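Beneath this line is the structure, given in structure tokens, with notes to follow.
The values are calculated or read from the model by the stated rules, or taken from the named source; none is laboratory data. Keep in mind that what you see is a predicted model, and the values were worked out from it rather than measured. Every residue, glycine as well, gets a Cβ built from its backbone with ideal geometry; the counts of neighbours run over all protein chains shown.
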Amino acid sequence: MRTGRISRKTKETDIQLELNLDGKGIADISTGLGFFDHMLASFSKHSGFDLKVRAEGDLYVDEHHMVEDVGIVLGKALAEALGDMAGIARFGEARIPMDEALAEVALDVGGRNYLVLKAEFSSPQVGQFSTQLVRHFFETLASNAKITIHASVYGDNDHHKIEALFKAFAYAMKRAVKIEGKEIKSTKGTL
């Protein structure tokens with residue numbers, strides 16, 4: 001079973017996260033940020049990954065530390081669950097609409113981290129979630145999971161755009177981590 005379990009405790013946050021890539025999309029999320037919980041639950045549901053997150057932190061400051069540290073922990077859990085990445089499809093992509101919004105994500109679970117994100121938001125916040133943290137979350141996750149993500153979204157409603165991005169990321173990851181054999185998909189023989 002491909003699982004990752006990561007804990008991280010700093011002066012700003014205390015996070016325990018469990019991830020099962022071969023799950024059923026069961027989410028049990030508590031970060032203290034309703035919209036962020038909703039996005040993580042949506043990621044879990046649409047990827048088919050079981051995800052449990054228990055997180056407390058200095059939300060009285062703002063939501064930045066929480067979102068960043070969950071990105072760190074989720075990225076590390078993905079890397080742990082994938083191990084040497086033998087047999088995975090490696091590449092994944094998805095186009096997901098949500099009403100007027102359309103998100104596209106293409107990614108490479110190939111051991112190199114990079115993020116290209118084309119997204120503009122008209123609101124500074126959705127709930128208690130700062131829209132500028134969308135980029136930071138995906139940058140942090142990509143860095144810690146060692147994956148390359150190219151993502152874009154357009155639309156009018158910031159809630160729809162962000163949710164479509166998380167869903168597109170979920171479907172792209174689901175496809176990229178699918179077991180297709182035993183070999184590592186690289187001409188180098190390693191990722």
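Taking first residues from the range 110-132 that are under 23 Å from residue 85 (Cβ atoms) and partners that are among the aromatic types (Phe, Trp, Tyr) and surrounded by 16 or more Cβ atoms within 10 Å (Cβ to Cβ), the Cβ contacts under 9 Å between residues at least 6 apart in sequence or on separate chains come to 115/138.
Does residue 116 satisfy the criteria of being of a type in the set (Val, Ile, Thr) and surrounded by 23 or more Cβ atoms within 10 Å (Cβ to Cβ)? Criteria not met by residue 116.
When 93, 163, 104 are screened for being within 22 Å of residue 20 (Cα to Cα), of a type in the set (Asp, Glu), touching a Ser or Thr at 6+ places or on another chain (Cβ under 8 Å) and modelled with pLDDT of 95 or more, only 163 passes.
Yes/no matrix, rows are residues, columns are (1) free of Cβ contacts under 8 Å to residues at least 40 places away in the same chain; (2) over 22 Å from residue 106 (Cα atoms); (3) loosely packed, with under 15 Cβ neighbours inside 10 Å:
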| residue | (1), (2), (3) |
| --- | --- |
| 28 | yes, yes, yes |
| 35 | no, yes, no |
| 48 | no, no, no |
| 53 | yes, yes, no |
| 57 | no, yes, no |
| 74 | no, no, no |
| 79 | no, no, no |
| 82 | no, no, no |
| 85 | no, no, no |
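Here residue 136 meets the list (1) in contact (Cβ under 8 Å) with a residue 60 or more places away in the chain; (2) farther than 18 Å from residue 185 by Cα; (3) surrounded by 18 or more Cβ atoms within 10 Å (Cβ to Cβ) almost entirely, failing just condition (3).
Picking from 11, 52, which residue would you name as being in a loop (DSSP other than H, G, I, E, B), over 30 Å from residue 156 (Cβ atoms) and of a type in the set (Lys, Arg)? Criteria check complete, one pass: 11.
Residue 104 fulfils the conditions (1) more than 12 Å from the chain's Cα centre (by Cα); (2) of a type in the set (Asp, Glu); (3) part of a helix (DSSP H, G or I) except for a single criterion, (3).
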